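**Student:** My questions will all concern the structure given below.
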Amino acid sequence: MAFDVDMIKKVYSRYDERIAAARQVVNKPLTLSEKILYAHLWDGNATEDYKRGVSYVDFAPDRVAMQDATAQMALLQFMQAGRPKVAVPSTVHCDHLIQAKEGADKDLARAKNESSEVFNFLSSVSNKYGIGFWKPGAGIIHQVVLENYAFPGGMMIGTDSHTVNAGGLGMVAIGVGGADACDVMAGLPWELKFPKLIGVKLTGKLSGWAAAKDVILKVAGILTVKGGTGAIVEYFGEGAESLSCTGKGTICNMGAEIGATTSTFGYDESMERYLRATGRAEVADAANAIKQHLTADAEVYANPEQYFDQLIEINLSELEPSLNGPFTPDLYTPVSRMREEADKNGWPLKVEWGLIGSCTNSSYEDLSRAASIAKQAVDKGLITKAEFGINPGSEQVRFTADRDGLLKTFEDLNATIFTNACGPCIGMWDRVGADKQEKNTIVHSFNRNFAKRADGNPNTYAFVASPELVAAIAISGDLGFNPVTDTLTNNKGEQVKLDPPVGDELPTKGFAVDDPGYQAPAADGSAVVVDVAPTSDRLQLLEPFAAWEGTDLKGLKLLIKAKGKCTTDHISMAGPWLKYRGHLDNISNNMLIGAVNFFNEKTDNVKNQLTGEYGPVPATQRDYKANGIGSIVVGDENYGEGSSREHAAMEPRHLGVRAVLVKSFARIHETNLKKQGMLGLTFADKDDYNKIQENDTIDILGLTEFAPGKPLTLVLHHADGTQEEILANHTYNAQQIEWFKAGGALNIIRKNQAK
Ligand code: MIC
Ligand code: SF4
């Protein structure tokens, strides 16, 4: 699997010098996040004290990770860059394209067959360009990365928002769009606005039913889905040290749900134990040698309020197990209040499914703690009320859990063991009856619970919880069940109580695996041919987007004014659409079909201003395109929250949308728009959102003087002949303005490469 110990040692060998240089410029004690950031400056030693939340900085990440659903677009772009090999160690993981239905073996065989074209493409591109390839069934990207590649003090980017999971092993790991990954693989710097820093001080120690998951569920409740935007969340304190490494991963993983750039923890013994248990003693030794740099300066943690932009304190000893949901991951309800809340809000109490898995919670520890609950159900004669599905995080976890009897315990409850893959977490779930769209409740240990996400049913109420709580609630079949206080009736009619979960942080007999599912790339890949059939409906080579025409944009039609939450799942739905992730034209047929039209409250139903008729968003936009007319999309707060999928930016670009104007953006999506040469703008006055009318034609003025910090003017031509002017802000820096002018960042790389 070749984790690159030499690369890691090289990174460590420059830490002394880099940190000394950072101290000079920053001139105060350093947080861990700053240490890692300053140790990864593209230009070497720091010469400037970067302003948090303001300065754009070029970084040199150590690694790139990609998953199958986003790697296709990332690698199609990389193929256009004209490089023979990736410039930094990179991996591809096949995990998103495997549907959960009957159980691991059958599901995997079916997926391999259905998506063979895509898997073969990814395998041959990887082989050609020096990328490590993890086959379907090898596991979920973030679990595999944590087990094999993440290392304390490293910097990684990945084409998936949950790349942040690797913060559990003390990395600064950040989710990006494929175009960013393509830059780094092409040997270019990676740019990021220097993040703000949120400190989370953990005191006390978890006990009883409380789990690491409950820490982040609580933080999400406090910060909401937007609260982490533009910030790195740094966890510290005795409580942090008491958590396992994979537990820390869970906490960092769901940092994506609060919009945080990433989250991280200082290097400690739990990380050392994990490194050694996963065959990386050499990395642990190397990390021990520079330990002082892999955590913040003591002064920072002694007086955190002076060094973080915001500080949160959580006492683990008082933490209650909880569930977040439905429909948004920040709606926090402690388990003791769930029955009351569910009654009040009309959430169905009967639980139909309990799902354990996803990159958030599929470690050995997670399975062992949940299994301890499952075992009690069997031993105490309880009949499980809900159905159970398990997705182990990696083949190594699965093999070991199988050897240790954990999977058998779940099977005794009639659980279905699905493939080591994302499965239901990304809508790859053939759930029987979901098409009937009945109102129902499921509980899962995943991270996201947006409407329709797991099974496509808008009436599925999904709640996020720790695996052990999911197990308990699935056994009881009752969303209001509180295992801390409540009893259940067993098959003899007796009242029994579940004891709190117990589990092993790491397998006592060590990890084992037969075939981890890894394929190393060819040493010299120059002869490897990558085939993309021109007739394929799954893959399509990319054509460069057209450059900006050099004038203001006039006469843009309003395509849609989206109302309320508009995540990347609303803009470019996953589930059944995942199969078109390598075919830009085909996947564009899902563009914005989940967004709610402000004017009629319907999804995928907008007015075509040319015909006056209402129709699907993609078809309407294709009509504008065919008529050579540009359009504009208007949105609400935190537009594009959720995933890193750049299809949400490329589809509008491909279909001729010229600008996206919103109240606020989620970071990755905003960057994705910029990279693809789109205009991503925000209302200077958020109330101007109300001025946008259904029949508006809009001009964007000021583009010929497009400059950093300078707002653009929009003229709204209303149907009644009146017009209004509003101001739109943007965050484009000089470089990003060049991307816009060139028609996309890739056009610049391609040009430079040809020189
Ligand atoms: C997700 O959890 O939504 C995904 C699928 O993993 C995405 C990436 C994608 O859209 O492929 C993410 O989180 O970035
Ligand atoms: Fe896969 Fe779900 Fe994790 Fe995304 S959040 S990487 S879909 S398991």
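**Student:** So which of Lys218, Lys205, Lys196 is modelled with pLDDT of 95 or more and touching a helix residue (DSSP H, G or I) at 6+ places or on another chain (Cβ under 6 Å)?
**Tutor:** Just a single option satisfies the conditions, and that option is Lys205.
**Student:** Answer yes if at least one residue in the range 250-259 is outside any loop (DSSP other than H, G, I, E, B), over 22 Å from Leu41 (Cβ atoms) and more than 16 Å from ligand 1 (Cβ to nearest atom), and no otherwise.
**Tutor:** Yes, the range 250-259 contains a residue that is outside any loop (DSSP other than H, G, I, E, B), over 22 Å from Leu41 (Cβ atoms) and more than 16 Å from ligand 1 (Cβ to nearest atom).
**Student:** Further, regarding this structure: Return a yes/no flag: does the range 609-626 have any residue that is buried (at least 22 other Cβ atoms within 10 Å of the Cβ) and either at pLDDT below 95 or part of a strand (DSSP E or B) (or both).
**Tutor:** No.
**Student:** Same structure again: Going through the range 331-363 one residue at a time, which ones are more than 16 Å from ligand 1 (Cβ to nearest atom), in contact (Cβ under 8 Å) with a residue 40 or more places away in the chain and either under 22 Å from Ala434 (Cα atoms) or within 18 Å of the chain's Cα centre (by Cα) (or both)?
**Tutor:** Ala342, Trp347, Pro348, Leu349, Lys350, Val351, Glu352, Trp353, Gly354, Ile356, Ser363
**Student:** Follow-up question, since we're still on this one. Look at Ala451 and say whether it is within 18 Å of Phe327 (Cα to Cα), in contact with a strand residue (DSSP E or B) (Cβ under 9 Å, 6 or more places away or on another chain) and not hydroxyl-bearing (Ser, Thr, Tyr).
**Tutor:** yes
**Student:** Please verify whether Ile668 is within 25 Å of Pro424 (Cβ to Cβ), assigned to a helix (DSSP H, G or I) and within 16 Å of ligand 2 (Cβ to nearest atom), treating the condition exactly as stated.
**Tutor:** Here the answer is yes, as Ile668 does meet what is asked.
**Student:** Here's a follow-up. Within the range 201-218, how many residues are basic (Lys, Arg), under 21 Å from Phe308 (Cα atoms) and in a helix (DSSP H, G or I)?
**Tutor:** Counting residues in the range 201-218 that are basic (Lys, Arg), under 21 Å from Phe308 (Cα atoms) and in a helix (DSSP H, G or I) gives 1.
**Student:** Quick one: which of Ala69, Ala81 is of a type in the set (Gly, Ala, Ser), within 18 Å of Thr159 (Cβ to Cβ), in contact with a helix residue (DSSP H, G or I) (Cβ under 7 Å, 6 or more places away or on another chain) and at pLDDT below 95?
**Tutor:** That would be Ala81, the only listed residue that is of a type in the set (Gly, Ala, Ser), within 18 Å of Thr159 (Cβ to Cβ), in contact with a helix residue (DSSP H, G or I) (Cβ under 7 Å, 6 or more places away or on another chain) and at pLDDT below 95.
**Student:** Right, next: Being within 16 Å of ligand 2 (Cβ to nearest atom), over 21 Å from Thr360 (Cβ atoms) and not in a helix (DSSP H, G or I) narrows it down to one residue among Val54, Val64, Val86; which is it?
**Tutor:** The conditions single out Val64.
**Student:** Which residue out of Gly381, Gly346, Gly266, Gly357 is assigned by TED's automatic domain parsing to the domain that holds Asp430, crowded, with 17+ Cβ neighbours inside 10 Å and of a type in the set (Gly, Ala, Ser)?
**Tutor:** When all the criteria are applied, what remains is Gly357.
To keep it simple, each residue is scored yes or no on (1) touching a residue at least 12 places away in the same chain (Cβ under 8 Å); (2) surrounded by 24 or more Cβ atoms within 10 Å (Cβ to Cβ); (3) away from ligand 1 (no atom under 11 Å from the Cβ); (4) of a type in the set (A, V, I, L, M).
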residue	(1), (2), (3), (4)
Met156	yes, yes, yes, yes
Asp160	yes, yes, no, no
Asn165	yes, yes, no, no
Leu169	yes, yes, yes, yes
Gly175	yes, yes, no, no
Ala179	yes, yes, yes, yes
Cys182	yes, yes, yes, no
Trp190	yes, no, yes, no
Phe194	yes, no, yes, no
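**Student:** Read through the list (1) among the charged types (D, E, K, R); (2) within 16 Å of ligand 2 (Cβ to nearest atom); (3) surrounded by fewer than 16 Cβ atoms within 10 Å (Cβ to Cβ), then give the number of the only condition that Asp537 fails.
**Tutor:** (2)
**Student:** If you don't mind, another one. Just to be sure before I move on: is Val225 outside any strand (DSSP E or B), at pLDDT 95 or above and not small (Gly, Ala, Ser) in the structure I sent?
**Tutor:** no
**Student:** Six or more apart or on different chains, Cβ atoms under 7 Å: show the pairs whose first residue is in the range 569-598 and in contact (Cβ under 8 Å) with a residue 12 or more places away in the chain and whose second is of a type in the set (Asp, Glu) and buried (at least 21 other Cβ atoms within 10 Å of the Cβ).
**Tutor:** Taking only residues 6 or more apart or on different chains, the pairs are Ser572/Glu651; Ile587/Glu651; Ser588/Glu651; Met591/Glu651; Gly594/Asp569.
Conditions tested, residue by residue: (1) crowded, with 24+ Cβ neighbours inside 10 Å; (2) charged (D, E, K, R).
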residue: Lys85; (1), (2): no, yes
residue: Val88; (1), (2): no, no
residue: Arg110; (1), (2): no, yes
residue: Ser115; (1), (2): no, no
residue: Asn120; (1), (2): no, no
residue: Val144; (1), (2): yes, no
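**Student:** Then there's this: Taking into account only those residues within the range 543-578 that are among the β-branched types (Val, Ile, Thr) and either within 13 Å of ligand 1 (Cβ to nearest atom) or crowded, with 17+ Cβ neighbours inside 10 Å (or both), which is nearest to Asp687 (Cα to Cα)?
**Tutor:** Of everything passing the filter in the range 543-578, Ile560 is nearest to Asp687 (Cα to Cα).
**Student:** Please work out if Glu601 is free of Cβ contacts under 8 Å to residues at least 12 places away in the same chain and away from ligand 1 (no atom under 14 Å from the Cβ).
**Tutor:** no
**Student:** Can you tell me which residue is farthest from the chain's Cα centre (by Cα) among those in the range 399-449 that are aromatic (Phe, Trp, Tyr) and either surrounded by fewer than 21 Cβ atoms within 10 Å (Cβ to Cβ) or away from ligand 2 (no atom under 16 Å from the Cβ) (or both)?
**Tutor:** If we take residues in the range 399-449 being aromatic (Phe, Trp, Tyr) and either surrounded by fewer than 21 Cβ atoms within 10 Å (Cβ to Cβ) or away from ligand 2 (no atom under 16 Å from the Cβ) (or both), then Phe410 is farthest from the chain's Cα centre (by Cα).
**Student:** Are there strands (runs of 3 or more DSSP E) fully within the range 300-370 with at least 3 residues that are within 18 Å of Phe446 (Cα to Cα)? List them.
**Tutor:** Here the list reads 322-324, 332-334, 351-356.
The values are calculated or read from the model by the stated rules, or taken from the named source; none is laboratory data. Everything quoted here is computed from the prediction, not taken from an experiment. Backbone-built Cβ (ideal geometry, glycine too); neighbour counts: all protein chains shown.
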